[in-house]
Amino acid sequence: SFSEEKSPLSLPVKKIPVHIKSAQNRILIKGGRVVNHDRIFHADVFIEDGLIKDVGDNLMIPGGAKVIDAKGKYVIPGGIDTNTSLALEFMGTRTADDFYSGTKAALAGGTTMVMNFVLDAKKKSLLDAFEASKSQAELNACCDYAFHVCLLNFNDQVGKEMETLVNQKGVNSFKVFMAYKDYLMVNDADMIKVFKKCKELGAIPMVHAENGDVIDECQKKIKNLGITGPEGHLLSRPESLEAEATNRAITIAHEVNSPVYIVHVMSKSAAMAVSEGKRKGTVVIGEPIAAGLATDGTHYYNKCWRHSAGHVMSPPLREDVSTPGYLMDLLASGDLELTGTDHCVFNTNQKALGKDDFSKIPNGVNGVEDRMTVIWDRGVGTGKMDPCRFVAVTSTNAAKVFNIYPRKGYIGKGSDADVVVWDPDTSKTISVKTHHQAVDFNIFEGMTCQGVPMVVISNGKVVCEEGNLHVSQGAGRFVETPAFPEHVFERIKKRDGLNPAKVDREVYTGPVVDLTKEL
Ligand code: URP
Ligand code: ZN
Ligand code: ZN
């Protein structure tokens, strides 16, 4: 027999056969300090059938629960990675991580949900591309997932498909590229149409902000100098081109009164454009990524081609070594809001497609497994953030922006049991030799980070305990992201009603020049 349950949030829950309801479905996390975005408090957390059933002191627990001793540890909402490209065809090849290996790695690092891109490079059908990605994830993902759909142009069909995706398919975010000329890039006119359509539908336009036309020019210039190695990638994508495009996207969003989400903010000046946009009142969300928060662009000058190419991503890591700390400061202050990884990995033999031409190196770096520990170490370990802010920028803010809060991003009664017992005292050294990401390079190689996940619980199941993984392929669920997230759209809606009024004045009745005669 089956028991059907509704969570207190009225979300349908998978039916669970009653006979398997036993210890494996009941977990008691005892004696830890619960961290939500707004407070830290001492409490036990009781989990049953995939949900958080109770949070409090000295809970009365039915027998047969697995007890996890969390003394001296934090109990935090599982991470949400807002920016992954698993199982994605990009720059002529396919990412090394698929939904299985990628989500396994995510869980190993304390991330319990990924938001993955759908890319229909052939511009055939967004819906088909979405369904294809979704079926792959259904079969393979070990943790929950949602999708952002990339738009490479705008026309009637794209508009209709956006409507279907938002109103019927659970998608509330679309990405456009201002770079990758003659491949993914959209022009400003199409970007305006996308922003307006997103606003109408209650979806969030996400922007890859770099000036693709100027990059194209710079690439020619750098190649003419005889530079073919990965340093050419950095040299042909100056920071000013990221800042200019970021500012342009924010300016356009401001004028059409749409929100805008800047993905992978990689430089000081682009981050500054986001802060200024916020100060001018634009609803702009800035997303730095683990790579940009913890490493820098000096690697592009490394003598080893494999090492250098392993860091190629767009926008590039910056040469200014104080950039990561600066981005962390803005993330701590609230100017930047949440974090992803842009996890989009290619093995060395794939990177080698660009061995003689930096512009052909598939773009992308790792991070889905490393993000939580790297941000804890560089953010909390440096005293820039407290644990509450860490939870906000690694989980809660993403849940709010994409309208799945408090189902995700929160430790409270009725929320999904995506929970991490976080050990602030243990360190680990990141290495390709021990990571779970299915790629032969790690941009954080050798970095020692203090603060690691001790136990990871996904959908109410212990999936990682002291580094030992017990994931199950296909256990992850598609999470619909509903339209009109309040966190983003309340301000937009209000402002739509605040229009300038015309000046009432007497009609001008004097002479008007006759152009047919004058000319
Ligand atoms: O280099 C990157 N960022 N790869 C993923 C695709 C994109 O541009 O976001
Ligand atoms: Zn991008
Ligand atoms: Zn090397």
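The values are calculated or read from the model by the stated rules, or taken from the named source; none is laboratory data. On a predicted model such as this, the values are computed, not experimentally measured, just so you know. Glycine gets a Cβ as well: all are built from the backbone with ideal geometry, and neighbour counts include every protein chain shown.
The table below lists the values:
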quantity: Residue within segment 204-217 that is at pLDDT 95 or above, small (Gly, Ala, Ser), under 13 Å from GLY159 (Cα atoms) and in contact with a helix residue (DSSP H, G or I) (Cβ under 6 Å, 6 or more places away or on another chain) present; calculated: no
quantity: Hits in segment 345-361 (condition: away from ligand 3 (no atom under 16 Å from the Cβ) and either surrounded by fewer than 23 Cβ atoms within 10 Å (Cβ to Cβ) or not aromatic (Phe, Trp, Tyr) (or both)); calculated: VAL345, GLN350, LEU353, GLY354, ASP356, ASP357, SER359, LYS360
quantity: The listed residue being at pLDDT below 95 and more than 16 Å from ligand 1 (Cβ to nearest atom), out of GLY281, GLY277; calculated: GLY281
quantity: Among the residues listed as ASN167, ASN155, ASN172, the single one being exposed (fewer than 15 other Cβ atoms within 10 Å of the Cβ), in contact (Cβ under 8 Å) with a residue 40 or more places away in the chain and away from ligand 3 (no atom under 16 Å from the Cβ); calculated: ASN167
quantity: Residue in segment 72-80 that is β-branched (Val, Ile, Thr) and either within 16 Å of ligand 2 (Cβ to nearest atom) or in a loop (DSSP other than H, G, I, E, B) (or both) present; calculated: no
quantity: Boolean, MET372 is away from ligand 1 (no atom under 16 Å from the Cβ), among the hydrophobic types (A, V, I, L, M, F, W, C) and assigned to a helix (DSSP H, G or I); calculated: yes
quantity: Test: residue in segment 479-492 that is among the basic types (Lys, Arg) and touching a residue at least 12 places away in the same chain (Cβ under 8 Å); calculated: yes
quantity: Sole exception among (1) among the aliphatic types (A, V, I, L, M); (2) farther than 21 Å from GLU337 by Cβ; (3) part of a loop (DSSP other than H, G, I, E, B) for ALA352, by number; calculated: (3)
quantity: First in segment 377-391 and under 20 Å from GLY446 (Cβ atoms), second anywhere and among the aromatic types (Phe, Trp, Tyr) and modelled with pLDDT under 95, Cβ under 9 Å, 6 or more apart; calculated: none
quantity: Single match in ASP335, ASP342 (criterion: more than 29 Å from MET91 (Cα to Cα) and either more than 16 Å from ligand 3 (Cβ to nearest atom) or touching a residue at least 24 places away in the same chain (Cβ under 8 Å) (or both)); calculated: ASP335
quantity: Conditions (1) more than 27 Å from VAL479 (Cβ to Cβ); (2) more than 22 Å from the chain's Cα centre (by Cα): number failed by GLU161; calculated: (1)
quantity: So ALA291, is it at negative phi, within 16 Å of ligand 1 (Cβ to nearest atom) and not in a loop (DSSP other than H, G, I, E, B); calculated: yes
quantity: Boolean, GLY277 is more than 16 Å from ligand 3 (Cβ to nearest atom) and either under 22 Å from SER85 (Cα atoms) or within 19 Å of the chain's Cα centre (by Cα) (or both); calculated: no
quantity: Yes/no for GLY364 being surrounded by fewer than 21 Cβ atoms within 10 Å (Cβ to Cβ) and within 17 Å of the chain's Cα centre (by Cα); calculated: no
quantity: Complete set of residues in segment 185-218 that are away from ligand 1 (no atom under 16 Å from the Cβ), in a helix (DSSP H, G or I) and farther than 16 Å from SER173 by Cβ; calculated: ASP188, ALA189, ASP190, ILE192, LYS193, ASP213, VAL214, GLU217, CYS218
quantity: Residues located in segment 387-436, provided they are of a type in the set (Asp, Glu) and either assigned to a loop (DSSP other than H, G, I, E, B) or surrounded by fewer than 24 Cβ atoms within 10 Å (Cβ to Cβ) (or both); calculated: ASP418, ASP423, ASP425
quantity: The lone exception for GLY229 - which of (1) surrounded by fewer than 19 Cβ atoms within 10 Å (Cβ to Cβ); (2) farther than 26 Å from PRO259 by Cβ it fails; calculated: (1)
quantity: Verdict on GLY229 being among the small types (Gly, Ala, Ser) and within 16 Å of ligand 3 (Cβ to nearest atom); calculated: yes
quantity: Qualifying positions in segment 197-222 - more than 19 Å from LYS123 (Cα to Cα), of a type in the set (D, E, K, R), out of contact with any Lys or Arg (no Cβ under 7 Å at 6 or more places or on another chain) and crowded, with 17+ Cβ neighbours inside 10 Å; calculated: LYS199
quantity: Flag for VAL321 being surrounded by fewer than 23 Cβ atoms within 10 Å (Cβ to Cβ) and not in a helix (DSSP H, G or I); calculated: yes
quantity: Residue under evaluation CYS142, criteria (1) modelled with pLDDT of 95 or more; (2) within 16 Å of ligand 2 (Cβ to nearest atom); (3) part of a loop (DSSP other than H, G, I, E, B); (4) among the hydrophobic types (A, V, I, L, M, F, W, C), criterion not met; calculated: (2)
quantity: Residue match in segment 287-309 (condition: more than 21 Å from PHE441 (Cα to Cα), touching a Phe, Trp or Tyr at 6+ places or on another chain (Cβ under 9 Å) and touching a residue at least 60 places away in the same chain (Cβ under 8 Å)); calculated: yes
quantity: Candidates ASP156, ASP144, filtered to the one that is closer than 21 Å to TYR405 by Cβ and out of contact with any helix residue (DSSP H, G or I) (no Cβ under 8 Å at 6 or more places or on another chain); calculated: ASP144
quantity: Within segment 326-339, tally of residues that are within 16 Å of ligand 1 (Cβ to nearest atom) and farther than 17 Å from HIS487 by Cβ; calculated: 1
